[in-house]
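Throughout, read-outs are computed from the coordinates displayed, never taken from laboratory work. Worth saying up front: this structure is predicted, and the values here are computed from it rather than measured. Cβ atoms come from the backbone with ideal geometry, glycine included; neighbour counts cover every protein chain shown.
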Amino acid sequence: MALIILGYAVFAVLGYTKSVVVNKNIYLINRKLKENFLTSKMANVTEEQEDFESGNLSFFLNDLKLLEDNYWRQIFALLGSIVMTIGTLTYALYSNVYITIIFLLFMIIPTLAPKLFTKSIQAKTDTWSQNNQILSATVKDLLHGALLLRRYNVTGGFSKRMNRSISEMESSNASLKNQIALSNNFIGMLFSTFSYLPIGLGIYFTITGKITLAQFVAIQYSSSWILNGFNQIITSWNTISSTKSIRTKIHQLKPIKAIASTENTVVMNKLSANDISFNYDQKQVFHDVSFSVTQGEKILIGGKSGIGKSTLIRMILQELQPTSGKFLFNNHSYSQVDSYNNFGIVGQTPIIFEDSLKDNITLGDSTANDQKVIIALKQSGLEEFANETSLQMRINENGHNFSGGQLKRIEIARALYFNRQLLLIDEGTASLDPETATSIHESILNNKSLTVIEVDHHIPDDVKKLYDKVYELSSTGLALQN
Ligand SMILES: Nc1ncnc2c1ncn2[C@@H]1O[C@H](COP(=O)(O)OP(=O)(O)OP(=O)(O)O)[C@@H](O)[C@H]1O
């Protein structure tokens, strides 16, 4: 009795140890995989990528979870089954080679069966993944716009879209699980059926004296272990193959590019645009645009909405290539990495991270020198936060605990902290009240060491006076206004 209890206890400890080892490995694999995925996506982002946030968020949370359950855990299960099967197979072969081979031959058919299901399971996994992405985009959109919907008293707004996304995702989830269950049960049935047939042969051999009764019993017992082992191997293999498209996407991850750092900045003397023309496909946006800006100079480029001001900024950043003409930095061609190393950008909507004020300025470098951050805060007009206590202040989601003007100044402080000598401002103050916009302009335009190219079409005349040059962009080129 005590021996039996001890046996069960040993099995329990072994079972627990196996789980701990598997979970430790899954932890290490997931950590590495998720870090690599996120770093690669962040390092290779471009403005053109559709559904970048919702698509990747869904892949990160859903597809990688599916990969854990249906790939990594199955790999460990597969290894366990292989060890068990080889062990019992060796024992069975030792008992009687011929009967064991007959058992194995009967298993060929169920072993081939998963091929029937591979394609349909993969297709259902792909549908599940797409529907998860659609649902993520819907959830992100609805939570982002929840307050607006409430303010219009239409909390049920977009309910059709929400219901459709949820139901399509859940139904593809159920459909995928059903398909895997159908496949596994079918394979299980074949294994059971084909394992009974050789038993008849075993009985015949025993009756005719070709094998002893002891051998027959040994083979029959071990055959059920072998059968289970094979069944588990095939089932795991079947589930593993359903994750093929997820694994393909991981293999296609682009390598991590060099990340821009303050060490790579060079002294800026001049940036020039020489006869720049640009088309989106066949549609001409503008042509023959030329200008230059030297160190410390501030220029403003106006022009009606849709004329191509943001397009021009993206070309300066080398994110878009001109149809003809060339941009030169210090009289040389330059790459996108050069532009990211040397140019700071302030856009219409501030990009704010749910983190400390310091991390928002140093972009996550909490080991950065506080004094350097404090200087950047002062230079950008955020004196009230230019102290060590305020640096640790947490900025809420979307910067809700800061004003629009303060968030804008945080973006400017970021560029100054990173020693960006050329600031590209794309309608940076358009959403602010005139007083705040003027005050922000004053702190930027009075900074002698900063070079500024700003594109905006609603800058008041008294602020226009602060620029060295004011241009007007039109489809036929750039005209100097002062
Ligand atoms: N990815 C794109 N594909 C095709 N056309 C585009 C694309 N992005 C912008 N456009 C078009 O190019 C033109 C210039 O757009 P751009 O955003 O540069 O104008 P803008 O002067 O900055 O406008 P605004 O002042 O309203 O911000 C517009 O007609 C716009 O519709």
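Per DSSP helix of 4 or more residues, -39500 (n - 2.57); summed, then divided by the residues of the chain. What does that give at 222 nm, rounded to the nearest 500?
Numbers: 19 runs with 278 residues, N = 482.
Helix contribution divided over all residues of the chain: -19000 deg cm²/dmol.
How many angstrom lie between the C-alpha centres of segment 104-171 and segment 220-257?
The two parts, judged by their Cα centres, are 22 Å apart.
Using the structure shown, select from LYS65/LYS115; LYS270/LYS326; LYS115/LYS244; LYS41/LYS372; LYS270/LYS378 the pairs with a Cα to Cα distance greater than 20 angstrom.
Values: LYS65/LYS115 24 Å; LYS270/LYS326 14 Å; LYS115/LYS244 14 Å; LYS41/LYS372 30 Å; LYS270/LYS378 27 Å.
Pairs exceeding 20 Å: LYS65/LYS115; LYS41/LYS372; LYS270/LYS378.
Order of GLU170, GLU68 from fewest to most other C-beta atoms within 10 Å?
GLU170, GLU68
Once the Cα atoms of the chain are picked out, what are the Rg and Dmax in Å?
My reading of the Cα-based Rg and Dmax gives 33.1, 112 Å.
Of the listed peptides 365-378, 118-131, what is their order by residue-averaged count of other C-beta atoms within 10 Å, with the highest listed first?
Working: 365-378: 15.9, 118-131: 18.1.
Ranking, from highest mean packing down: 118-131, 365-378.
Relative to the longest principal axis of the C-alpha atoms of the chain, give the angle of the C-alpha long axis of helix 213-241, reported between 0 and 90° and rounded to the nearest 10°.
20 degrees
Principal axes first, then extents: for the Cα atoms of segment 262-480, list largest minus smallest coordinate on each axis, whole Å, largest first.
Per principal axis, max minus min of the Cα coordinates gives 52, 36, 32 Å.
Ratio of Rg to Rh for segment 2-251, alpha carbon only, Kirkwood?
Working: Rg = 24.7 Å, Rh = 21.8 Å.
Rounded to two decimals, Rg over Rh is 1.13.
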